[in-house]
Amino acid sequence: MAAQTEESDTAREQTKAEQDVDQVRQRAARDQQRLDSGAVTSPKDLSNLQHEIASLAKRQGDLEDVVLEVMERREAAQERVTELTERVGSVQSKIDDASGRRGSAFEEIDGEVASVTKEREVIAASVPADLLKLYDKLRQQQGGIGAAKLYARTCQGCRQELAITELNEIRSAAPDTVIRCENCRRILVRTAESGL
């Protein structure tokens, strides 16, 4: 946008400079015509007219230099606009591609969520209601994780190693007893890798 603004500003500046050159050129042409017509007869007036024509020629040269300088700046601004427009197009193409991939990923994730939700419903139906209620409560309190694996005498929820007394209590508990971590209060899931 800044490059486009610069280009349009230099375009206006070029138009104004060209108009100034045209005005000087027209005035010089009128003065030359007056000089050539012989209408001015006074030597002083002739000298003034010749001096003005020379001044106008110098002024026209200066203004033409300004026009050339503005044209060069405008050309550079146009090149910059072209370059940036191409870059914007390239970036927009990457954005469109990324948006398409994101949309596909969202569809895939939504499909997985639906599948996992169905699986959870099936499994939840086989879990006692009071245990499911406890699990949901803990999950809400613990940032989405209500149960954690007991692995090598360490709760995988809080990453704390359990004390020997706790481990002894867990060893002696019945397999269907609900055991909770003393540190984070999550339900502990016992496996062969629990280190009991």
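The values are calculated or read from the model by the stated rules, or taken from the named source; none is laboratory data. Since we're looking at a predicted model, the values are computed, not measured. Counting neighbours? That spans all protein chains shown, and the Cβs are built from the backbone with ideal geometry, glycine included. Just so you know, the surface numbers come from the protein's heavy atoms only, side chains and all, with ligands and any DNA or RNA stripped out. Shrake-Rupley method; radii C 1.70, N 1.55, O 1.52, S 1.80 Å.
Brief remarks follow.
- Heavy-atom accessible surface of the chain, averaged per residue, reaches 72 Å², computed with a 1.4 Å probe.
- Accessible carbon and sulfur surface of the chain relative to its total accessible area, %, 1.4 Å: 52
- Ranked by the mean number of other Cβ atoms within 10 Å of their residues, highest first, the peptides 126-132, 146-152, 57-63 come out as 146-152, 57-63, 126-132.
- Unit charges on C-beta of K, R, D, E only; dipole of segment 107-196, Debye: 420
- 3J(HN,Hα) from dihedral phi, segment 179-185, Karplus parametrisation 6.51/-1.76/1.60, rounded to Hz, x for glycine, proline: 9, 10, 6, 5, 7, 9, 6
- Counted over segment 129-190, the DSSP beta bridges are approximately 55% antiparallel.
- Note on the chain: GNM, Cα springs under 10 Å; of ALA98, ALA174, ALA54, the largest mean-square fluctuation is that of ALA174.
- Three-way shape call for segment 129-190 based on the alpha-carbon gyration tensor, with the a/c threshold at 1.5: oblate
- Selection from ALA98, ALA39, GLN23 lying farthest towards where the dipole of segment 2-99 points positive, charges on Cβ: ALA39
- Cα-based shape type of segment 87-147, given that a ≥ b ≥ c are square roots of the gyration tensor eigenvalues and the cut on a/c is 1.5: oblate
- Taking the inverse of the mean reciprocal distance over all distinct Cα pairs, the Kirkwood hydrodynamic radius of the chain comes to 25.9 Å.
- Simple Cβ-charge dipole of segment 1-144, Lys/Arg +1 and Asp/Glu -1, about Cα centre, in debye nearest 20: 400
- Annotation for SER126 and LEU84: the two label points, set 7 Å from Cα along the Cα-Cβ direction, are 6.4 nm apart.
- In this calculation the C-beta distance from ALA152 to ASP96 is compared with R0 = 45 Å, giving a FRET efficiency of 0.40.
- Report summary: the helix-based calculation at 222 nm, which adds -39500 (n - 2.57) for every DSSP H run with n ≥ 4 and divides by the residues of the chain, gives -26500 deg cm²/dmol.
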